[in-house]
Amino acid sequence: SFFIQMDRAAKKGLDFRPRFLWRLVLLLAIGYLHGLIVRVDILLIYAILGFVLVLMYKWPTKLLAGITLFLFLGGATLVPVAYKSLTAPAVEQVERVAERPASRPAGPRKVPTLSETIESNAWDGIVGKMRFQVSSGRIYLTLGLFILGFIVGRIRLFERMDEFRSRLNRWALLALAGLGLLYVARSYFPPVAWGEVSFYSWMSSTTTNLINLLTAYLWVIVVMEGYRLQKVQRAMAPLVSYGRMGLTNYIAQSVIGVFIFSGFGLDWSHLGVFLSVLVCLAYTGMQILFSHYWLKEFRYGPMEWLWRTGTYMKWQPLAR
């Protein structure tokens, strides 16, 4: 979407970067407010990485491809491992303390209230989220995917699908073989503690990230190949509206999900995985229907309209 907006503006002789930076500031604010309720909000991370993407706008495609490969192979997360290996003392003195059996809580678990949740998420939630993003390498993976999306737009991949199709399918076979090798390799890694900075922890997290990437790539190929069929296009048509209202649906789903499952809401956390998934699928189905009928009457979803209005600092037409 970053490339599409920049490209459309460039065709009109405009530099969209200043406007896009302001758009990211608004997304940062939306993400922070959303994160007060939903600690695992991802919009804040997207906004931060968007600033990096703007800086890379005019960088050569080959350089961007090299950076993407570096991030996907865990190059960024290897830096602290290398630093520790160079600065750690030759012999570490470790004081071992006998472990005490964990005592059971005297009373029932205290469920935080809504105000306590907001107060905790206002700062501690952000710090915890950033620590997880960096230690797991997830933030570098997301940046790599952002750059990859930018490259896909720059080479006009979806406009030249017939030209790239055979190459993409060959890569899918390699991805399938790579998945098998990675799963086998991961079974030989020794267990590591969460947050541990070591070569084995780097190998473990990088292998998991590569498995996720290759799996996602295979799904993309399946969707693109399936979408070439008219029957599949008709079957997936309702999802178009759901995707066009992605920001609205993401925020609504997570906020309502918190109130369904949290202690200060309906407290349905006892349902278990199976029933919880059914609840989420039912709610997602309702969102798909809502999006389909909403966009028959309006140009944008509510949050998309608000974000667009803020971007241009002018009320945007909403009704069709």
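Grab the Cα-Cα distance for F158 and E196, subtract it from 0.36 nm times how many residues apart they are, and report the gain in nm with one decimal. Let's see the in-between values first.
Numbers: separation 38, 0.36 × 38 = 13.68 nm, distance 4.09 nm.
Value of the extension gain: 9.6 nm.
How much mean residue ellipticity at 222 nm does the chain get from its helices, if each DSSP H run of length 4 or more adds -39500 (n - 2.57) and you divide by all residues, to the nearest 500 deg cm²/dmol? The partial results should precede the final answer.
On the way: 14 runs with 226 residues, N = 320.
Calculated at 222 nm, the ellipticity per residue is -23500 deg cm²/dmol.
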With each label point set 7 Å from Cα along the Cα-Cβ vector, what nm distance links R186 and K84?
-> 2.1 nm
Once normalised by the length of region 205-291, the mean sequence separation of its alpha carbon contacts under 8 Å that are 6 or more apart gives a contact order in percent of 26 percent
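Using Cβ contacts closer than 10 Å as the measure, can you line up S269, S135 from fewest to most?
Numbers: S269 13, S135 17.
Least to most surrounded, the residues fall as S269, S135.
By the gyration tensor of its Cα atoms, with a ≥ b ≥ c the square roots of the eigenvalues, what is the shape of region 164-247: rounded for a/c under 1.5, prolate for a/b over b/c, or oblate? Let's see the in-between values first.
Numbers: a/c = 3.90, a/b = 1.90, b/c = 2.06.
Taking the square roots of the gyration eigenvalues as a ≥ b ≥ c, region 164-247 is oblate.
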Starting with the fewest neighbours, write out V255, V81 ranked by other beta-carbon atoms found within 10 Å of each beta-carbon.
-> V255, V81
What is the spin-label model distance, in nm, from R170 to I211 if the labels are put 7 Å beyond Cα along the C-beta direction?
-> 2.9 nm
Relative contact order of the chain, pairs being alpha-carbon contacts under 8 Å that are 6 or more residues apart, as % | 22 percent
Tally Lys/Arg at +1 and Asp/Glu at -1 over every other residue whose Cβ is under 15 Å from the Cβ of R165; what's the total?
-> +1
Exposure proxy check on K314, K129: fewest-to-most Cβ neighbours within 10 Å is K314, K129
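Evaluated at 37 °C with a viscosity of 0.692 mPa s, what Stokes-Einstein diffusion coefficient in µm²/s does region 119-189 have when Rh comes from the Kirkwood expression over alpha-carbon pairs?
Details: Rh = 15.6 Å.
Roughly 210 µm²/s, to the nearest whole number.
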Ranked by how many other beta carbons lie within 10 Å on average, peptides 184-191, 260-267 from highest = 260-267, 184-191
S115-I256 FRET efficiency (beta carbon distance; Förster radius 25 Å; 0.05 resolution) = 0.85
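Please list the helices of the chain that count as membrane-span-like by this rule: a mean Kyte-Doolittle hydropathy of at least 0.5 together with Cα atoms stretching 30 Å or more along the helix axis, each helix being a complete DSSP H run.
17-37, 199-226, 272-297
Per 0.36 nm of contour for each residue apart, how much would the distance between L218 and Q5 grow if the chain were fully extended, relative to their Cα-Cα spacing? Spell out each step's value before the answer.
Details: separation 213, 0.36 × 213 = 76.68 nm, distance 2.73 nm.
Roughly 74.0 nm would be gained on extension.
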According to the square roots a ≥ b ≥ c of the eigenvalues of the Cα gyration tensor, what is the shape class of region 178-320, taking rounded for a/c under 1.5, prolate for a/b larger than b/c otherwise, and oblate for the remainder?
-> prolate
Kirkwood hydrodynamic radius for the chain: how many Å is it when counted over pairs of different Cα atoms?
-> 23.3 Å
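Read the figures in this text as sums done on the coordinates, not as results from a lab. Please read all numbers here as calculations on a predicted model, not as lab measurements. So basically every Cβ, Gly included, is an ideal-geometry build from the backbone, and we count neighbours across all protein chains shown.
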